[in-house]
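Student: Please see the structure below; I have some questions.
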Amino acid sequence: MPERKIELKDILILFDRESGISIFPNLRGYDDPVSDVEWVLERNPSSKGFILRPIVCDGRYGLWIGEFTGYGNEVTRHEETYDREASRISRLIMKYSSHEITERKLIEMLSIDALKRRLKSDIIRGFKYYTCPRERFYQSCGEVGRIYRELKGRYGKGRRISYSSIADEIAEMVRCEDVVVCPLKAPNAFERIHNFDRALKSRGIGGIKFVKPGIIEIL
């Protein structure tokens, strides 16, 4: 049986749990996906995350997905996928490579949440940010709206409540498993309330108001 011939495209996208997304176009490597990633990691210090690389095998577009840690710049595991969504994402990356779409558009379409929904990858589904990215927390985090609705349903608007008890409830209500450090689970109760209030106001759906020391209202 002839050996499969995999064509590696000359672009890598690195998702690091601390520094976010980095794109490496025009890569001229070793024609080996693991060696290429480790070469990139040696020159670009990273913490922990994964790499996406478009590949083609027997005319099918797919993705090579590799997991890495910053310790020794090693690829700890990797996988290939050629299903429909992987093919679409692979072709999307190649559109960026050929300047058909902008970097901003590519990054918007390759959010971690979108990748987890679209790809059947244990590597991607196990990925966690260290600190929740600012844009994600203030614009797209589903926990903020859900917790606000539950608190509003429980207490209503305008009721005066101890801020420390609400801060504790917020921390207990968080279900997100996509980050290690969540702004809604900050160690300091005041910081939790402050983060929650800013996230609500950034979306225009409510807020938290201090009416006197230690007492708040849900707006």
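The values are calculated or read from the model by the stated rules, or taken from the named source; none is laboratory data. It should be emphasised that the depicted structure is a prediction, and the values quoted were computed from it without experimental measurement. Here Cβ is always computed from backbone atoms with ideal geometry, including for glycine, and neighbour counts include all displayed protein chains.
Student: Out of all the residues in region 39-49, is one or more of a type in the set (Gly, Ala, Ser), in contact (Cβ under 8 Å) with a residue 60 or more places away in the chain and in a loop (DSSP other than H, G, I, E, B)? Before the answer, list the steps.
Tutor: The first filter runs over region 39-49 and keeps only residues of a type in the set (Gly, Ala, Ser), leaving 46-47, 49.
Now restrict to residues that are in contact (Cβ under 8 Å) with a residue 60 or more places away in the chain: 47, 49.
Checking the rest, the ones that are also in a loop (DSSP other than H, G, I, E, B) come to 47.
Yes, the conditions are met somewhere in region 39-49.
Student: Condition (residue is closer than 23 Å to CYS176 by Cβ and outside the structural domain of CYS176 (by TED's automatic domain parsing)) applied to region 94-105: is it met by at least one residue?
Tutor: Within region 94-105 (the criterion being closer than 23 Å to CYS176 by Cβ and outside the structural domain of CYS176 (by TED's automatic domain parsing)), the answer is no, since none of the residues qualifies.
Student: Does ILE65 satisfy the condition of being surrounded by 15 or more Cβ atoms within 10 Å (Cβ to Cβ) and under 18 Å from the mean Cα position of the chain (by Cα)?
Tutor: Details: surrounded by 15 or more Cβ atoms within 10 Å (Cβ to Cβ): yes; under 18 Å from the mean Cα position of the chain (by Cα): yes.
For ILE65, the condition - surrounded by 15 or more Cβ atoms within 10 Å (Cβ to Cβ) and under 18 Å from the mean Cα position of the chain (by Cα) - is met.
Student: When you look at ARG159, is it at pLDDT below 85 and basic (Lys, Arg), yes or no? Can you show your working first?
Tutor: Details: at pLDDT below 85: yes; basic (Lys, Arg): yes.
Yes.
Student: Just to be sure, is THR102 modelled with pLDDT of 90 or more and polar (S, T, N, Q)?
Tutor: It is true that THR102 is modelled with pLDDT of 90 or more and polar (S, T, N, Q).
Student: Still on this structure: If you check ASP122 against the conditions, is it touching a residue at least 60 places away in the same chain (Cβ under 8 Å), under 28 Å from LEU63 (Cα atoms) and surrounded by fewer than 19 Cβ atoms within 10 Å (Cβ to Cβ)?
Tutor: Spelling it out, it is not the case that ASP122 is touching a residue at least 60 places away in the same chain (Cβ under 8 Å), under 28 Å from LEU63 (Cα atoms) and surrounded by fewer than 19 Cβ atoms within 10 Å (Cβ to Cβ).
Student: Return a yes/no flag: does region 106-118 have any residue that is free of Cβ contacts under 8 Å to residues at least 40 places away in the same chain and over 15 Å from the mean Cα position of the chain (by Cα).
Tutor: No, that holds for no residue.
Student: Looking at ILE147, ILE218, ILE170, ILE205 in this structure, which one is among the β-branched types (Val, Ile, Thr) and over 30 Å from ILE124 (Cβ atoms)?
Tutor: On the way: ILE147 fails: over 30 Å from ILE124 (Cβ atoms); ILE170 fails: over 30 Å from ILE124 (Cβ atoms); ILE205 fails: over 30 Å from ILE124 (Cβ atoms).
One residue alone meets the criteria, ILE218.
Student: Based on what the data block shows, is ILE161 farther than 27 Å from ILE112 by Cβ, surrounded by 15 or more Cβ atoms within 10 Å (Cβ to Cβ) and touching an Asp or Glu at 6+ places or on another chain (Cβ under 6 Å)?
Tutor: Taking the combined requirement at face value, the residue does not satisfy it.
Student: Listed residues PRO133, PRO45; which is at pLDDT below 85, closer than 23 Å to ALA199 by Cβ, in contact with a Gly (Cβ under 9 Å, 6 or more places away or on another chain) and not polar (S, T, N, Q)?
Tutor: The conditions single out PRO133.
Student: Follow-up. Give the number of residues within region 53-104 that are in a loop (DSSP other than H, G, I, E, B) and of a type in the set (D, E, K, R). Give the derivation first.
Tutor: Filtering region 53-104 down to residues in a loop (DSSP other than H, G, I, E, B) leaves 58-59, 70-73, 82-83, 98-102.
Filter once more, keeping what is of a type in the set (D, E, K, R): 58, 83, 100.
Residues that pass the stated criteria total 3.
Student: With respect to the numbered conditions (1) at pLDDT 85 or above; (2) charged (D, E, K, R); (3) out of contact with any Gly (no Cβ under 9 Å at 6 or more places or on another chain), which one is the sole condition not fulfilled by LYS152?
Tutor: So LYS152 meets the others, but not (3).
Student: I've got another one for you. Can you confirm whether ILE205 is among the β-branched types (Val, Ile, Thr), exposed (fewer than 15 other Cβ atoms within 10 Å of the Cβ), in contact with a helix residue (DSSP H, G or I) (Cβ under 7 Å, 6 or more places away or on another chain) and over 30 Å from GLY66 (Cα atoms)?
Tutor: Values: among the β-branched types (Val, Ile, Thr): yes; exposed (fewer than 15 other Cβ atoms within 10 Å of the Cβ): yes; in contact with a helix residue (DSSP H, G or I) (Cβ under 7 Å, 6 or more places away or on another chain): yes; over 30 Å from GLY66 (Cα atoms): yes.
Yes, satisfied.
Student: Pick from ILE107, ILE170, ILE147: which is touching a strand residue (DSSP E or B) at 6+ places or on another chain (Cβ under 6 Å) and either acidic (Asp, Glu) or part of a helix (DSSP H, G or I) (or both)?
Tutor: ILE107
Student: Please tell me if SER35 is over 24 Å from LYS128 (Cβ atoms), at pLDDT below 90, in a helix (DSSP H, G or I) and of a type in the set (Ser, Thr, Tyr).
Tutor: Yes, satisfied.
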